[in-house]
1. Can you give the charge dipole size of the chain about its Cα centre, rounded to the nearest 20 debye, using +1 on the beta carbon of Lys and Arg and -1 on the beta carbon of Asp and Glu?
2. Tell me whether the stretch 63-118 comes out rounded, prolate or oblate; compute the Cα gyration tensor, take square roots of the eigenvalues as a ≥ b ≥ c, and use a/c under 1.5 as the rounded threshold.
3. Using only helices, what value at 222 nm comes out for the chain when you add -39,500 (n - 2.57) per DSSP H run of length 4 or more and divide by the total residues, to the nearest 500 deg cm²/dmol?
4. Quick one: Cα centre-to-centre distance for the stretch 316-336 and the stretch 390-430, in angstrom?
5. For the chain, give the share of DSSP beta bridges that are antiparallel, in percent and rounded to the nearest 5; count only bridges with both residues there.
6. Pull out the extension gain between Thr618 and Arg606, defined as 0.36 nm times the separation in residues minus the alpha carbon to alpha carbon distance; nm, one decimal.
7. Note down the net charge around Thr19, summing +1 for each Lys or Arg and -1 for each Asp or Glu among other residues with Cβ under 12 Å from its Cβ.
8. Can you tell which of Val146, Leu621, Cys164 lies farthest toward the positive end of the dipole of the chain, using +1 and -1 charges on the Cβ of basic and acidic side chains (Lys, Arg; Asp, Glu)?
Amino acid sequence: MPNGYCGRILIVDLTTGRTEAEEPSEAHYRQYLGGWGFIAHELLKRAPKGADAFAPENPLVFATGVATGTPVPGSGRHAVGAKSPLTGGFGEADVGGYWGVELKRAGFDAVIITGKAEAPVVLWIHDGDAEIHDATSLWGLETADVEAALRKELGDPKVRVAQCGIAGENLVRYACVIHDVNRAAGRTGMGAVMGSKRLKAVAVRGTGTIEVADPDMAKEIGGHVTSLEERWADFREHGTGGGILQMDEVGRLPTRNFREGRFEGAEKIAGTTMTERFLIDRDTCYACPIACKRVVESDAEYKVEPAYGGPEYESLASLGSTCGVDHLEAVIYANQLCNAYGLDTISTGVTISWAMECFERGLLTTEDTGGIDLRFGDHVAMTTLVERIARREGFGDVLAEGSLRAARRIGRGTERYAVQVKGQEHPMHDPRYQFSLAIGYATSPTGADHMHNFHDSALGSEEAMARLRPLGVFGEPLDRIGLPPEKIAIAARVIPYQVMKNCVGICMFEPYRVSHHRDIVTAATGWDVTAHELLLIGERALALARLYNAREGFTPADDAHPARFTEPLMLAGEEGASIPQEQVREALDLYYELQGWEKATGAPTRAKLYELGLGWATENLPA
Ligand code: SF4
């Protein structure tokens, strides 16, 4: 077993109640590393072709990365994956905090859960053992109550809990897995998969240690992050929402269902305002000095409890400006509801904003909405709908399907206003401000996602370009507008690099460069990895996820971006850029070629799979 890992993966069948451990080879660990890499491998190997996301056969995978639980800053991350009930394809969401570290301390690098329990259960993992407990009394409870009850029942206040929430129980297609009550593995509906298995929670506790090969090297990496305090001081001060005013100023703050890029209420919902009005403390993840997490409290119009944490940028914008809501306390409360019920804040906010636009255009009426006068800016309507979605009550039952399915059910031309890719709602980064995002959004196997995307607003200087040289990137600085071939070539390097960070299990916000990621893997394992090897790990993980989607029936036609982005972005009355479809099509053709994906099927070519050491996976290629 290599250092940095436990060397064991827990396999659980909820139908039979059997648990067992597998011990992968060192080569397996080095080829897939962790996180997304493990998940994509397991989905192709274990999930029967065509199995529904809610079928017992759909494996739900919790996977740590090689760095998870090592002493380097930002190493508190792990990923959760399964077939997505929102997209019908590769589902994955990563999350920080402490749960993944605790899993490793308990002796497992990953947990793979199949089957379906007869009645609600909790999986209890502790120091090398796993047991399945009855959870009937926890079904229907909010996340903070579940965590408190489990800690009491298991007699240990240090137990870490991941849970599906009421939204997951109700199979809301974008239910998330909530960890530590306020950390969401948010995207692609992993909480609903958990709920479909009647798995209320996975509780973990471990007292083991995670050995690293080179503790001095790990310490040095930590020193690097600490020495750059001036770079992240603002992040610590105001959280990720601290940048809202700057986003608004340049016209890239998603507003009223992405119709506009500037919001007149930006200052009211900014992270700086949250610091002044509601912040009572700052919180952090395992081994991270940055502490960008918020602890907020309020008791005016809405009752906000500190346990559920405060909204990050994505949540402030999706539940705030995207819904036209400038009532910060309501946005914080809606974020709390999402954490208490287990809802992805991005899909929740964007699905509600889709409904608001359709209502204002007369495509929905109060007959559809159950009497709600659903207009942009109405914070009561917004918070009411969050509740109804989680409980699948009234119009909330329609919205619980996600904006694309809801639009297809309603018809009347509403699909045009669903801002989604492959059924997953767009995050809070408008591709009309930085065009390369459109390529990342369209081709991501998970549907629209910003975590494994290419933010080309940072390519405007020589210095920015120089930072990418270890990835083999050379060339002149590039403007954020436009999709020239040079930019697409860079995207083909940067996107797998982002996927690789997920496999390592490291936070994107840490000020690491390519050499640091290489050093993190070496410090943990002792392997003499190169930047090129790490890039291949990202490519491999991405190729497997694309292959899984192709096997499940996805085609290049699914790599489409929403109609909204063919319209000009409105900047306070002025028109900004739109993205011409023709440019996108040409860019996608080149991107496929660079990634080694078939134009006819969207899957990696046979040659690409062999090049990545994935010959075993060729049997999954579409005919
Ligand atoms: S920067 Fe923020 S999200 Fe990342 S590890 Fe630190 S506290 Fe967690």
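Just so you know, all these numbers are worked out from the coordinates, no wet-lab data involved. In this text, all values refer to a predicted model and were calculated from it rather than measured experimentally. Heads up, the Cβs are rebuilt from the backbone with ideal geometry, glycines too, and the neighbour counts pull from every protein chain shown.
1. On the way: 63 positive and 87 negative charges, 237 e Å.
The dipole of the chain has a size of about 1140 debye.
2. On the way: a/c = 3.03, a/b = 1.62, b/c = 1.87.
It comes out oblate by the Cα gyration axes.
3. Working: 25 runs with 246 residues, N = 623.
Per the formula, -11500 deg cm²/dmol.
4. Cα centres, the stretch 316-336 to the stretch 390-430: 18 Å.
5. On the way: 47 of 59 bridges.
Of the beta bridges lying entirely in the chain, close to 80 percent run antiparallel.
6. In short, 3.7 nm is gained.
7. Numbers: positive: Arg8, Arg18; negative: Asp13, Glu20, Glu22, Asp129, Glu131.
Spelling it out: positives minus negatives among the neighbours equals -3.
8. Final value for the positive-end residue is Leu621.
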